[in-house]
Amino acid sequence: MSHKFILLSALFISALFGQVYDYTATPGPDDTYTIARFRIYLPEDADTSRGIYVYLNPYGSDSRNIVNDPDMRSLCSENQFSLMGAQFDNMHMESGIGDALLNSLSNFTQQSGHPEIEHSPLFFEGYSWGGQWSYHFTLWQPGRIIGFVTMKGGYHDTTFAGGAVDVPGLMFIGEDDLDYRVENLTGIFLIHRPLGAPWSLAMEPDAAHNRITNRHLLDNYFLDIISRRLPDEFPTDEVYQLNEVDLTTGWLGDRREHIISQYGCYPHFADTASWSPSEDAAIQWQTFVSDSTVTDTFPCASDMVELTIANNENWNIIGLPLDAPSSHYLDLFQNVYPGTCYSFDGGYTNCDTLFPGVGYLLRFSEEGSSVIIGYPLSELTISVRESWNLISGLSVIISAASLYSSELIEPYTCYGLDGGYVLADSLRPGKGYWIYATGNGEVTISR
C-alpha cells in the first residue's frame, strides 16, 4: 500500500471521526514478527499531546477500534492524551515488534504534524496476551512508560524487571483463573515489590479469565499515575524524563485481609503489600478485591495516645482503655503479681489477655501507675448476662448514667473498687466496674 493511499485514508477517517491515523509496519530482514498494525486518535482540541494511552487486547485480537470508543476518547481528551489501539502477533521485543511501535509514532508525527507524538511517553492497559505485551515493552523501554496495567496473562517474563521496577504497575489476577496465570503474575509481584516496585496486585473475587471492566478503578488509577509522573513542562522534540514515584506518599493494602493504610502507618510487612498512588486508589483497590465487603483502615501511629492508669496496692478492678499493640496484662500494667488476673462470667477465670469493655480483677504489689499507649476507643458494645458483670469503659470518662439508659442495666448498680466497693457515678479509663444486668444482651456506650 502506498504512502499516498495511507495518507488519503487517514484524512478520510479524520473527516469522519476527528484526528485518527493508521499505520502498518513492514518487518525488516532481521525481524521475526509478521503483524504490527496501529491506529491513533489525537484530540482535536489539544495543541500538544501529553502522552499516549495504549489499549491492547488478547492474542490476535485487534484493539484499533478503541479509538472510536466515546468514553475512552473523553478520558484521553480531558487529559490531553492520544489514544492508540493495535494488532500484533508477537510479544517479544527482540522480534522487532517494539521497534514497530516506535516507528508508528514517528509515522504518526509525519501524518499529524504533531512533533511530540514521536517522543510521547506511554501508558499501557492490556488484557491477557495484551497485558503481557505491555509488560514486556515496559521491561524493554522503562524510561518511556508512565505506568502499565496488565490483566490475567500467564506468560509474563519472570526474569529481573530492571528499570521497570521504577514504573507504576497495576496487575490483575482472577480467583478462579487457571493456576499458571495466577502464579505467573503473583510471582513477578512478590519478587519485585521488595525491590521498591510501585506495583499493586489485585485478585478479582469469583472471576476467571475475563477483562476488568471497572472503568472507575482503571480511570482513576490512570489519573493518579499521570498526575505524579508527568512534569508540568516538557519538550516536544525529544524524549523527556518522567517524574520518579515517591512510595512514601502512597498507600498500602493487605492482600489477605484487604485492610489499607497510609504507607508510613502500615503495620505489617510492606514488601508483600499492594501499593496504591493515593487514598482514593487504595479504597478502589480495597473495594474491588474484597467485593465491597471491607472498609477497614489501619490507623497511624500519630493517632496513638498515652493514658496513665493509677492503681492501689493489692486488688484492683482494671480494664483496657485503648486498642493497644499488646493486650497481655503483664505488658500493660506495672508491679502486678503474675497469675493474679481474673475475669468473671458467673465465676472467676484466670486469664492473661485483656479485651476492651471487659473488667478484670488484678493484684498489684504496691501503689503506683502504668502508662498504656494505643488508639482511642470512642465506642464499645458490651455483652452482659443476667446478674452481676465486670465491665470497663472507653478512653475518656463517661457518665454511669449512659449505662442506665439501657433497660438491661439496673440503675445505681455500678460499683468500683477503691479499698472497698463504692458506688460510681462515672466510668474512668483503665478502671473496671461491677454492674447488675436484668437480662442477657448487649449495651453500647459511646463518648
Which of the following residues is within 13 Å of L320 (Cα to Cα), touching an Asp or Glu at 6+ places or on another chain (Cβ under 9 Å) and either in the same structural domain as I318 (by TED's automatic domain parsing) or at pLDDT below 90 (or both): I373, I435?
-> I373
Do you know which residues across segment 260-272 are in contact with a strand residue (DSSP E or B) (Cβ under 9 Å, 6 or more places away or on another chain), of a type outside the set (S, T, N, Q) and surrounded by fewer than 21 Cβ atoms within 10 Å (Cβ to Cβ)?
-> Y263, C265, Y266, P267, H268, A270
Among the residues of segment 338-385, which ones are within 17 Å of E442 (Cα to Cα), surrounded by 12 or more Cβ atoms within 10 Å (Cβ to Cβ) and of a type in the set (S, T, N, Q)?
-> S383
Considering only residues that are within 20 Å of N90 (Cα to Cα) and touching a Lys or Arg at 6+ places or on another chain (Cβ under 7 Å), look in segment 103-130 and name the one that is surrounded by the most Cβ atoms within 10 Å (Cβ to Cβ).
-> Y127
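Rundown of residues vs (1) in contact (Cβ under 8 Å) with a residue 12 or more places away in the chain; (2) among the polar types (S, T, N, Q); (3) more than 11 Å from V384 (Cβ to Cβ), yes/no style:
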| site | (1), (2), (3) |
| --- | --- |
| S406 | yes, yes, no |
| S426 | yes, yes, yes |
| G430 | yes, no, yes |
| W434 | yes, no, yes |
| A437 | yes, no, no |
| G441 | yes, no, no |
If we ask which residues in segment 139-158 are of a type outside the set (K, R) and either crowded, with 24+ Cβ neighbours inside 10 Å or free of Cβ contacts under 8 Å to residues at least 12 places away in the same chain (or both), their number turns out to be 8
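If we keep just the residues of segment 70-95 that are surrounded by fewer than 16 Cβ atoms within 10 Å (Cβ to Cβ) and outside any helix (DSSP H, G or I), which is nearest to the chain's Cα centre (by Cα)?
To start, the set of residues in segment 70-95 that are surrounded by fewer than 16 Cβ atoms within 10 Å (Cβ to Cβ) comprises 70-71, 74, 78, 89, 92, 94.
This time we only want the ones that are outside any helix (DSSP H, G or I), so: 89, 92.
Details: D89: 34, H92: 30 Å.
The residue in question is H92.
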Over segment 29-49, the set of residues outside any strand (DSSP E or B) and at pLDDT 95 or above is P29, D30, D31, T32, Y33, T34, I35
Does P267 satisfy the condition of being assigned to a loop (DSSP other than H, G, I, E, B), touching a Phe, Trp or Tyr at 6+ places or on another chain (Cβ under 9 Å) and not hydrophobic (A, V, I, L, M, F, W, C)?
-> yes
Failed condition for L178, given (1) without any contact (Cβ under 8 Å) to a residue 40 or more places away in the chain; (2) more than 26 Å from E279 (Cα to Cα); (3) touching a helix residue (DSSP H, G or I) at 6+ places or on another chain (Cβ under 6 Å); (4) among the aliphatic types (A, V, I, L, M), with all others met?
-> (3)
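The values are calculated or read from the model by the stated rules, or taken from the named source; none is laboratory data. All values reported here derive from a predicted model rather than from experimental measurement. Because the Cβ atoms are built from the backbone with ideal geometry, glycine has one as well, and the counts that use them run over all protein chains shown.
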